[in-house]
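I have placed the structure first, in the form of structure tokens, so that the comments after it can refer back to it.
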Protein chains: 2
Amino acid sequence: MSEFHYNPHISVDCVIFGFDDEKINILLIKRKQEGENVYALPGDLVQKGEDLDVAATRVLYELTGMENLYLEQFKTFGSPDRTSDPVDVEWIKSVREHPEARVITVAYNSLVKTEDFDYRPSSFAEEVLWHPIEKPQKLGFDHNEIANTGWAMLREKIKREPIIAFSLLPEKFTLRQLQTLYEAIVGQELDKRNFRKRMLRNRFLVPMNEKETGVSHKPAQFYRFDDAIYKEEFAKDQWFLF
Amino acid sequence: MSEFHYNPHISVDCVIFGFDDEKINILLIKRKQEGENVYALPGDLVQKGEDLDVAATRVLYELTGMENLYLEQFKTFGSPDRTSDPVDVEWIKSVREHPEARVITVAYNSLVKTEDFDYRPSSFAEEVLWHPIEKPQKLGFDHNEIANTGWAMLREKIKREPIIAFSLLPEKFTLRQLQTLYEAIVGQELDKRNFRKRMLRNRFLVPMNEKETGVSHKPAQFYRFDDAIYKEEFAKDQWFLF
């Protein structure tokens, strides 16, 4: 990391959420640090002359091997004391030429199916893992705040653009699968009857002439998500939602 | 502007929109520059150790005298060539100690009633003005991109949170005033009959026992915005808008 290549003042951090058919997880790295186990978001300094979006894609790939995700910038964090924890300071000193530089970080998020992506640790990531978001985990720097903000903003987006949720399901799915997904996003159990009633109002949720097979319970109906109907009803520039 | 006080790599820019009862305007400054008239957003470098939100408030005040606005961070712009226009380069050289430093800028937006705020130019702002957004105006740096993005993101927010629009109206208002406001935000004329029909569906729009007086046309009914009903219907954490 020579001064020539990196801007010591600007970093990117990636908040990647993954749905594993049961729950939402967050992608963490364990960084290489003598005597300490510190988990953090995949993030690093931006190169000189590098565009921010390009930096986010590069840093995620360099640390975790993950690529071809859609990363969206959601917020920049620049509190002056965001890197002042002694454990973090010690680590920064071991890897950076200007450990004293104030770093503001531009945060990106993404929501994917865990099974669609391979990952492997590299660079200063000793380990890469999917950690369930319902289990609190202390992270380095201000990464807990960044991760929580990223999740809150992504949830807001899913409310307005339910297509984001549906993209996490297989092509044909049961209402039970849909409810499991929404419960993972909402973070609580939902009443089955109300959930189904509200969901089935949506014309973009289309019943198929097909049921589950080889299950021990009563086979459930499959549904599919109709992209064209969704676009017709939602994606138009609608000024009066209310 | 000594090196000791300013971080040469991080700036803030403020995109302030103002409704003047007829149209939406954007707040611009004309900067002091020999032989050139360059309009720009109010923005400047962040001080060392200064929080980003604090910096946005300070910079806006220092350049324009405006204060007590709610500023919301909406996006960070970090394209490596964002300050490469020769006219901008010349200006940067005249006011900054590290004119070559790459600056990323954290952008904030706000929407206010123009009449609620006083402004006066100071610091390197030679002039401060409200410029109508429907009239394109070339701005310095990448400020056209920042302004357009800020307006697009604010409009999206108003769709989801109509309270933002209603806050720009007087306490009692006519449907004509409401339509003028929405036409200014949407950027086009709206069909009067449809507009009224859709708006009057909203229980938070409450008719008053009061009409206009002293007007030459048929006096129109006054309405008020009911905050409590709005909160009951909108502000709850609603997961299924659809």
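The values are calculated or read from the model by the stated rules, or taken from the named source; none is laboratory data. As the structure is a prediction and not an experimental result, all values here were calculated from the model. Here the Cβ positions follow ideal geometry from the backbone for every residue, glycine too, while neighbour counts run over all protein chains shown.
Things to note:
- Verdict on A:T57 being under 22 Å from A:I133 (Cα atoms), of a type in the set (S, T, N, Q) and modelled with pLDDT of 95 or more: no
- Residue among A:F124, A:F74 that alone is within 14 Å of another protein chain (Cβ to nearest Cβ) and touching a Leu at 6+ places or on another chain (Cβ under 9 Å): A:F74
- Segment B:186-214 - residue that is touching a strand residue (DSSP E or B) at 6+ places or on another chain (Cβ under 9 Å) and more than 20 Å from B:D227 (Cβ to Cβ) and, of those, surrounded by the most Cβ atoms within 10 Å (Cβ to Cβ): B:E212
- Selection count, segment B:71-130, where residues are free of Cβ contacts under 8 Å to residues at least 24 places away in the same chain and over 18 Å from B:I26 (Cβ atoms): 9
- Taken over segment A:162-176, the criterion of being surrounded by fewer than 18 Cβ atoms within 10 Å (Cβ to Cβ) and farther than 19 Å from A:K231 by Cβ is satisfied by A:P170, A:K172, A:R176.
- Qualifying residue in segment B:14-30 (condition: among the basic types (K, R), assigned by TED's automatic domain parsing to the domain that holds B:M153 and within 14 Å of B:G140 (Cβ to Cβ)): yes
- Selection within segment B:70-99 - over 27 Å from the mean Cα position of the chain (by Cα) and of a type in the set (G, A, S): B:S94
- Residue match in segment B:7-30 (condition: over 24 Å from the mean Cα position of the chain (by Cα) and either of a type in the set (S, T, N, Q) or surrounded by 23 or more Cβ atoms within 10 Å (Cβ to Cβ) (or both)): yes
- Search result, residues across segment B:31-48 that are touching an Asp or Glu at 6+ places or on another chain (Cβ under 7 Å) and either within 14 Å of chain A (Cβ to nearest Cβ) or part of a loop (DSSP other than H, G, I, E, B) (or both): B:K32, B:L41
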